[in-house]
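Okay, structure first, notes after.
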Amino acid sequence: MEKNERTSGNNHLLMYLLQNRANDFIRVFEAQNNRCFMGIYSLYRVAYANKIILRDDDWSVNFIPVVEKARGENQRIIDYLASIIPIPENFIDDFKMSLQSFAWFDKEDDFEFMLDGSLEHLEKMGYRKIDCLLYEAGLKFNFKEFERLLALGADPYVKLSSEYTPEIASKLDIIAFDVYSTYEDAERHLYDGCDIYGIGDCWKDGLSEKETIVDQNLVRQFFLAAGCRLVCESILKSKSIKQ
């Protein structure tokens with residue numbers, strides 16, 4: 001292990017994982033000589049969150065080389081960790097459940113907090129209850145309920161507002177007005193994480209072999225973005241099936 005890796009307060013093992021630097025990650029991991037199952041499983045979860053974000057294809061042309069390099073390195077890390085411990089068959093379900101701790105809204109947040117009005121008020125304004133419940137499930141990463149509501153016909157694209165009727169809200173921008181949309185909000189939080197809150201910079205640092213300061217906020221952004229990506233994927237899959 002390099003001197004700066006021994007003395008720096010930064011977690012280089014986690015940094016290399018988030019930066020998608022497979023050789024450096026494996027080198028530091030092997031030097032620690034720690035085969036704790038839960039520790040490795042936690043690293044695998046982080047690597048998988050990274051994988052989910054990276055599989056998006058909606059990137060700027062200039063950023064695609066960073067993503068393509070990161071995808072290959074990320075897969076090497078995932079394969080390496082999977083060669084050390086058995087990955088449970090229920091991993092995906094377990095991973096989705098774990099994402100609820102990183103969702104945009106907490107479990108106890110009500111509609112007054114999420115949409116600026118009670119569910120009863122929103123229904124009186126003309127919004128369908130099922131669409132409001134879909135927003136709640138999506139932004140709380142309750143994936144089982146979210147997919148159930150999608151299958152029942154909930155609309156992830158409808159714009160919701162406690163101040164405007166559905167007809168007026170449908171014509172308004174969600175950023176400029178107090179208007180919310182399951183798909184647009186999930187997509188916005190995903191790309192904010194990549195463009196503003198450090199994920200993209202972390203990947204670029206990895207490609208340049210520069211150090212990224214890793215803290216709880218950055219790690220949270222990776223899990224939040226991964227959850228938002230899963231929400232968007234579920235919506236796009238549902239749309240494709242219906243077509």
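In the chain, carbon and sulfur make up what percent of the accessible area (probe 1.4 Å)? Numbers along the way, then the final one.
Working: 6180 of 12460 Å².
Ligands and nucleic acids excluded, carbon and sulfur give 50 percent.
Rounded to the nearest 10 degrees, the angle from helix 199-208 to the longest Cα principal axis of the chain is 30 degrees. Each peptide in 193-205, 81-93, 158-170, 13-25 receives the mean, over its residues, of other Cβ atoms within 10 Å, and ordering these scores from highest gives 13-25, 193-205, 158-170, 81-93.
Can you give me the accessible area per residue for region 8-146, using a 1.4 Å probe, in Å²?
Details: 6810 Å² over 139 residues.
On a per-residue basis, 49 Å².
The radius of gyration of the Cα set in the chain, together with its Dmax, comes out at 19.9, 64 angstrom.
Less than 10 Å Cβ to Cβ from ALA22, Lys/Arg counted +1 and Asp/Glu -1: what total charge do the surrounding residues give?
Numbers: positive: ARG21, ARG27, ARG76; negative: ASP24, GLU73, ASP79.
Neighbourhood net charge equals 0.
Run through every distinct alpha carbon pair of region 16-80 and return the Kirkwood hydrodynamic radius in angstroms, one decimal place.
Numbers: mean 1/r = 0.0807 Å⁻¹.
Computed over Cα pairs of region 16-80, the Kirkwood hydrodynamic radius comes out at 12.4 Å.
Each Cα pair under 8 Å and six or more residues apart adds its sequence gap; the mean of these over the residue count of the chain is a relative contact order of 24 percent. For region 151-230, a Kirkwood hydrodynamic radius built from all Cα pairs, placed in the Stokes-Einstein relation at 37 °C and 0.692 mPa s, yields a translational diffusion coefficient of 226 µm²/s. On a 0 to 90° scale, report how tilted helix 129-139 is relative to the longest principal axis of the chain, with both axes built from alpha carbons and the result rounded to the nearest 10. Once rounded, the angle reads 20 degrees.
Using the Karplus relation 6.51 cos²θ - 1.76 cosθ + 1.60 with θ = phi - 60°, the per-residue 3J(HN,Hα) values for region 48-60 come to 5, 4, 4, 4, 4, 5, 5, 7, 5, 10, 8, 10, 5 Hz, with x marking Gly and Pro.
Applied to region 142-153, the Karplus parametrisation 6.51 cos²θ - 1.76 cosθ + 1.60 on θ = phi - 60° returns per-residue 3J(HN,Hα) values of 8, 5, 4, 5, 4, 5, 5, 5, 4, 5, 7, x Hz, with x for Gly and Pro. The label point for ILE130 and the one for ILE174, both projected 7 Å from the Cα toward the Cβ, are 2.0 nm apart.
Taking the C-alpha atoms only, the angle from helix 216-242 to the longest principal axis of the chain is near 50 degrees. Mean separation of Cα pairs under 8 Å and 6 or more residues apart, divided by the residue count, gives region 107-151 a relative contact order of 26 percent.
The values are calculated or read from the model by the stated rules, or taken from the named source; none is laboratory data. These figures come from a predicted structure and were not determined experimentally. Reconstructed Cβ throughout: ideal geometry from the backbone, glycine too, with neighbour counts over all protein chains shown. Just the protein is used for accessible areas: all its heavy atoms, side chains included, with ligands, DNA and RNA removed. Shrake-Rupley method; radii C 1.70, N 1.55, O 1.52, S 1.80 Å.
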